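The values are calculated or read from the model by the stated rules, or taken from the named source; none is laboratory data. None of the values given here were measured: they were computed from a predicted structure. As a convention, Cβ positions derive from the backbone with ideal geometry for all residues, glycine included, and neighbour counts pool all protein chains shown. Only protein heavy atoms, including side chains, enter the accessible area calculation; ligands, DNA and RNA are left aside. Shrake-Rupley method; radii C 1.70, N 1.55, O 1.52, S 1.80 Å.
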Amino acid sequence: MIEDRFRVEPADWIVDQADLKFVRTEVFILGQNIPEDEEWDELDARSIHVIARDNDGRPIGTGRLTPEDKIGRMAVLDSWRGRRVGAAIMRALIERARAQHRPALEMHAQSYAIPFYQRFGFEPYGDEFIECDIPHRRMRLELAPPDASYRPGSQLDETPEPQTFAIENREQATAAVLELLRTAKRELCVYTRDLDPALYEQEAVLEEFKRLGTAGRGALIRVIVQSPAAIVADGHRLIHLAHRLPSVFQFRTPEIEEDQQYASAFLITDRRGYYFRPLGSRFEGEAKTYAPGRQAQLREYFNQVWERSLPPPGLRELHL
């Protein structure tokens with residue numbers, strides 16, 4: 001008789017590291033020939049992990065949820081596949097994300113597994129790409145609030161009536177930014193060279209950042225700034241606000257030249273809005289309060305740069 005009893009429980013990367021690594025080594029490194037240096041990364045220590053164990057406590061499956069709202073490293077031992085272990089891990093990770101008020105989840109899914117993830121409401125978008133020599137596609141799930149009954153594909157809120165802005169000057173840029181900030185629920189991402197003082201130091205804009213940062217538990221404002229020395233030296237007012245809300249603001253600066261020389265700038269919100277400027281030194285650009293496809297593309301790029309960037313030394317001194 002085949003034993004099908006198992007449990008899924010939270011895992012700690014330090015305490016349970018040997019068991020987590022055992023499963024992922026069997027599935028990815030040995031089973032799919034993924035290089036070890038590509039399997040382990042700095043996100044492991046910062047992510048939420050769950051582990052599936054058989055009736056004797058032996059590890060049989062695992063998955064993680066990163067700070068960037070991405071589910072990954074989904075792995076089940078070959079002898080336990082087809083026995084609902086993967087589904088139980090997915091449900092556990094989704095419920096953890098909903099409990100933390102995360103608005104949506106992303107993943108890089110191996111193409112053959114797309115039908116499995118679609119059962120939980122994830123939808124593919126974008127072209128197929130190769131990662132670790134394996135075809136993948138990006139997938140996304142919009143999450144319901146934690147007090148709502150979960151159902152695959154349910155939305156965070158009703159789809160808002162989208163507003164579109166064609167921006168040519170500072171006044172139009174300010175109007176667009178204010179509208180995006182007002183519609184944001186708990187998360188913003190900003191990619192900028194010097195925090196655009198003419199835009200982000202305006203009193204009304206700072207008030208909206210403050211409102212978001214003090215609105216409740218779980219607020220997160222992530223900023224990638226290419227020239228942090230300038231904003232520290234000039235005493236940018238957003239830095240002063242961040243100093244008062246250190247649990248809300250996170251700053252990083254790019255380390256590789258390609259990211260340092262990125263010419264564009266953008267702001268994205270957790271309500272799937274964005275303001276994109278082809279040249280970050282100018283106001284001209286486009287903004288929409290609701291554009292899931294474009295927002296997801298910008299968010300994916302932001303997260304890629306974020307993962308390979310470091311906290312700026314000047315801001316570390318301010319504990320940011």
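Brief remarks on what is shown
- Candidates THR62, THR214, THR289: whichever shows maximal mean-square fluctuation once the chain is modelled as a Gaussian network with Cα springs under 10 Å: THR214
- Computed from Cα positions, the angle between helix 85-99 and the longest principal axis of the chain comes to roughly 30 degrees.
- Once both labels are positioned 7 Å from their Cα atoms along Cα-to-Cβ, the gap between ARG96 and THR164 label points is 4.0 nm.
- Per-residue HN-Hα couplings for region 38-55 [Karplus 6.51, -1.76, 1.60; θ = phi - 60°; Hz; x = Gly/Pro]: 9, 7, 9, 9, 5, 5, 4, 6, 10, 9, 8, 10, 10, 9, 9, 10, 6, 5
- In this structure the amide hydrogen of LYS185, modeled in the peptide plane, comes within under 5 Å of the amide hydrogens of ASP270, ARG271, none closer than 5 places in sequence on its chain.
- If you wrap the chain in the convex hull of its Cα atoms and look at it from every side, the mean projected area works out to 17.3 nm².
- Computed accessible area, TYR290, all protein chains, 1.4 angstrom probe, square angstrom: 50
- Relative to the longest principal axis of the Cα atoms of the chain, helix 203-213 runs at roughly 20 degrees.
- Accessible area per residue, Å², the chain with all protein chains present, probe 1.4 Å: 48
- Peptide packing: for 253-265, 79-91, 222-234, the average count of neighbouring Cβ atoms within 10 Å per residue gives the ranking 222-234, 79-91, 253-265, highest mean first.
- Nearby lysines by direct alpha-carbon distance to LYS288 (threshold 28 angstrom, same-chain neighbours under 8 apart not counted): LYS70, LYS185, LYS210
- Apportionment of accessible area to carbon and sulfur, the chain, percent (1.4 Å): 49
- Computed from the Cβ-Cβ distance with R0 of 30 Å, the FRET efficiency linking ALA45 to ARG282 stands at 0.15.
- Integer Hz, Karplus 6.51/-1.76/1.60 couplings in order for region 295-308, x for Gly and Pro: 4, 5, 5, 5, 5, 4, 5, 4, 5, 4, 5, 4, 5, 9
- Counted by Cβ distance under 10 Å from ASP270, the other residues give a net charge of +4, where Lys and Arg count +1 and Asp and Glu count -1.
- Applying 1/(1 + (r/R0)^6) with r as the Cβ-Cβ distance of LEU310 and ALA175 and R0 = 30 angstrom yields a FRET efficiency of 0.30.
- Taken one residue at a time, the phi angles of region 273-284 give Karplus couplings (6.51, -1.76, 1.60, θ = phi - 60°) of x, 7, 10, 10, 10, x, 10, x, 7, 10, 7, 4 Hz. Gly and Pro are set to x.
- Under 11 Å, Cβ to Cβ, from HIS136 - net charge with Lys/Arg +1 and Asp/Glu -1: -2
- ARG119-GLU257 pseudo-label distance in nm [points 7 Å out on the Cα-to-Cβ vector]: 4.9
- Surrounding net charge for GLU123, when Lys and Arg each add one and Asp and Glu each subtract one, Cβ distance under 12 Å: +2
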